[in-house]
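Shown next, in structure tokens, is the structure this report addresses.
The values are calculated or read from the model by the stated rules, or taken from the named source; none is laboratory data. Please read these numbers as outputs of a predicted model, since none were measured by experiment. Because the Cβ atoms are built from the backbone with ideal geometry, glycine has one as well, and the counts that use them run over all protein chains shown.
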Amino acid sequence: MHISEGVLSPAILIGGAVVTMAGVAIGLKGVDNKDIPKMGILSAAFFVASLVHVPVGPASVHMILNGLLGFILGWKAFPAILVALGLQALLFQFGGITTLGVNTMNMALPAVICYYLFGWSTKSSIKQSVFITAAFASGFCAVLVSSILVGFCLYLTGEAFSPAAKLIVAAHLPVMIIEGIVTAACAVFLKKIRPELLEEINV
């Protein structure tokens, strides 16, 4: 879901950069030493998951895992995703430097939204079935919101991008289901072996 350089208007690029800077500032505010390994591992997972992508107009379709990052990291998903996207732009020319801010916003903002919507389910007192459902919803909804944001950014740049914006949302429908399943599976696995990773989220 990387938006390539030379597509978006300057206003959208600046707006995305401002939102990302604010999100990264909030995310870094509560980071301590015990959070760094967790953020690094999840940033690497995001990096690897989104390496295999299929071009769709001015963007691309691929696994994201931003719902999992939001589910576990909360606001810390912003710096984790920024680092991963920055490395992808520098090493593989996915997206670009000028679009780094808006691409980060499109991935990280839905992650934070899903944290507030579903993060409560990580508490040990929550039933397993509810926890699994919430984890699936986090993965599904994060991709849904991200695809809508990407489409909206393209639409605001010009009505000529309207067909591409609709195509991006439609193309990600199967990805949403896959992401929900993968996020739920990862969350259940982590709850069994390292439940503290899910219960030590600092907003």
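Pull up the range 82-120, narrow it to residues that are among the β-branched types (V, I, T) and crowded, with 20+ Cβ neighbours inside 10 Å, then point me to the one that is nearest to G27 (Cα to Cα).
Here the residue is V112.
How about the range 2-23: which of its residues are assigned to a helix (DSSP H, G or I) and not hydrophobic (A, V, I, L, M, F, W, C)?
Result: P10, G15, G16, T20, G23.
For a quick check of your reading: which helices (runs of 4 or more DSSP H) sit entirely within the range 132-203 and have at least 2 residues that are modelled with pLDDT of 90 or more?
173-193
Is one or more of the residues making up the range 178-198 touching a helix residue (DSSP H, G or I) at 6+ places or on another chain (Cβ under 7 Å), of a type outside the set (D, E) and under 28 Å from I14 (Cα atoms)?
There is no residue in the range 178-198 that is touching a helix residue (DSSP H, G or I) at 6+ places or on another chain (Cβ under 7 Å), of a type outside the set (D, E) and under 28 Å from I14 (Cα atoms).
Across the range 135-160, which residue is nearest to H2 (Cα to Cα) among those that are free of Cβ contacts under 8 Å to residues at least 40 places away in the same chain and touching a helix residue (DSSP H, G or I) at 6+ places or on another chain (Cβ under 8 Å)?
Ranking the qualifying residues of the range 135-160, first place goes to G151.
If you check L109, L190, L91, which single one turns out to be free of Cβ contacts under 8 Å to residues at least 60 places away in the same chain and either touching a Lys or Arg at 6+ places or on another chain (Cβ under 7 Å) or within 23 Å of L42 (Cα to Cα) (or both)?
The unique qualifying residue is L91.
Checking the conditions here, which among A170, A111, A187 is under 20 Å from G70 (Cα atoms) and over 15 Å from the mean Cα position of the chain (by Cα)?
A187
May I ask you to list the residues in the range 76-98 that are touching a Ser or Thr at 6+ places or on another chain (Cβ under 7 Å) and hydroxyl-bearing (S, T, Y)?
Of everything in the range 76-98, nothing turns out to be touching a Ser or Thr at 6+ places or on another chain (Cβ under 7 Å) and hydroxyl-bearing (S, T, Y).
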